[in-house]
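For reference, the structure discussed in these notes is given below.
The values are calculated or read from the model by the stated rules, or taken from the named source; none is laboratory data. It should be emphasised that the depicted structure is a prediction, and the values quoted were computed from it without experimental measurement. Using ideal geometry, Cβ is built from the backbone for each residue, glycine included, and neighbour counts are taken over all protein chains shown.
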Amino acid sequence: MRDHELRRRAVAEMHLRRWPNLPVPCLIMQWVVIVDDTERTAELAAIERLAEPRDVVGNPSHREGFVREGVRFAWEKHSEGSSLTLFGRRSDSALFVDPRADPALAEAIDWAEALPGKVVRSTCIWLAECDAGAQALLAQAPVRGEELVSCRIGGAVRMWSDFRLNEDGYGRLLIAANGVGSRDLTRHVQRLQELGNYRNRALLGLPMAQETWPRLDVAEKRLKELADRVANSDERDDTLMESLSALSLELATISTGLSFRMDATRAYARLVEDRLAQLKCEPIPGFMSLDDFTQRRFLPAMNTCDAITQRVERLAIRAEQLSSLLRARIEARIENQNAQQLRSMERSVAMQVRLQQLVEGLSVVALSYYLIGLIDFVVQGVPGNVLAMDRERLVALLVAPVLLVVWLVTRAVKNRVLNAPED
């Protein structure tokens, strides 16, 4: 037996997205970026220079190591982009307000920000020991109290955040462990962070949907005008078909441009729902919970993305239906024209047959006339005492037999030609 070529990757996939056990207190910084294919090599090379050797082989999507002493990192490659997380070991809560106050952490941040990619989300997270310590730090943190979201997750852990982008380019997330074990706390924090990461990635489809909506308004208006023109029998079919083809092509272009982003948005939205269910959020009086925040902000955006996708599909179907109706009308007109041509050809053939019969009759008379003339010349050369009757009476008596013989011969030749086998 031998290993399947994808076995190690399949096993490694089940162990991805796992953070090291988090101490309390500690500072965590994470970046979620979109990386172009042309930047993947440079990103991986920069990560592998600091990655632990055991992590480089057999797991192409995950790396761990130390940027500087006391600052650990975890990097993960996703189907769309990647994520990088720094774990600081210092217990100074002032770093939550200004992470660059620690020289080692500032150097690690500079290294992370120098990596290629476009930032989708960057977060600064502080793990406090209890609610009291977290609330004391909350007064100094750059968060808006009137928009603060807070709830308990997993029973005891509590989180605070306004989910806004601050002037330094980072969002702030404050978490109180409240005696929860390191393993459970790490799992809760990671799920909470994944919830925000998937939410931001899903929301990338909203601007595209909003930009596309006016284009669909114009396309729907054009489709209505084309439907009115199709109903107008004075319009040329080829002109209508050209306009419909141009509209269908435009809708296909819009659908192609939207499909990947909207499909990704739906996939991320399902992941957001899964993570939200796993967190088991418990609301706290006086604060908006994660469930409320998602219901009020995130779900309407996803409904807009779903609506734009459905609208594109409906317009494409209506354009195809209108094209089918127009093609059916064109085919009916062509069939009517063909029927008219067939009837005209039938009349022409019938007239040709009648003319042929007339010419055939005239040909019998002409041939008989010439044949009787020849017989007359022959009779004139015969002596009169040989004939039993006058020459003129003999010729007159031969007219009817000659006509009959010529007609029979002509008919026999005609039947032979008509019944001759084709080559």
Residues of the stretch 169-197 classified as surrounded by fewer than 16 Cβ atoms within 10 Å (Cβ to Cβ), in contact (Cβ under 8 Å) with a residue 12 or more places away in the chain and not in a helix (DSSP H, G or I), total: 2
Filter result (more than 21 Å from Asp98 (Cα to Cα) and surrounded by fewer than 17 Cβ atoms within 10 Å (Cβ to Cβ)) within the stretch 132-155: Glu146, Glu147, Gly155
Which listed residue is out of contact with any Cys (no Cβ under 7 Å at 6 or more places or on another chain) and at pLDDT below 90, from Arg89, Arg17: Arg17
Verdict on Pro207 being out of contact with any helix residue (DSSP H, G or I) (no Cβ under 8 Å at 6 or more places or on another chain), surrounded by fewer than 18 Cβ atoms within 10 Å (Cβ to Cβ) and within 19 Å of Phe298 (Cα to Cα): yes
Filtered residue count, the stretch 296-347, keeping only those that are farther than 30 Å from Leu195 by Cα and not β-branched (Val, Ile, Thr): 31
The stretch 361-380 residues that are touching a residue at least 40 places away in the same chain (Cβ under 8 Å), paired with ones that are assigned to a helix (DSSP H, G or I) and of a type in the set (Phe, Trp, Tyr) (beta carbon under 7 Å, 6 or more apart): Val364/Trp407
Only listed residue being in a helix (DSSP H, G or I) and more than 26 Å from Thr309 (Cα to Cα), chosen from Arg229, Arg270: Arg229
Extreme residue, modelled with the highest pLDDT, among residues of the stretch 47-78 that are buried (at least 16 other Cβ atoms within 10 Å of the Cβ) and of a type in the set (Gly, Ala, Ser): Ala74
Filter result for Val11 (in contact with a strand residue (DSSP E or B) (Cβ under 8 Å, 6 or more places away or on another chain) and either surrounded by fewer than 19 Cβ atoms within 10 Å (Cβ to Cβ) or modelled with pLDDT of 85 or more (or both)): no
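If you take just the strands (runs of 3 or more DSSP E) that sit entirely in the stretch 81-162, which of them hold at least 2 residues that are closer than 13 Å to Leu173 by Cβ and free of Cβ contacts under 8 Å to residues at least 60 places away in the same chain?
Hits in the stretch 81-162: 157-161.
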Which listed residue, of Ala219, Ala231, is of a type in the set (Gly, Ala, Ser) and buried (at least 16 other Cβ atoms within 10 Å of the Cβ): Ala219
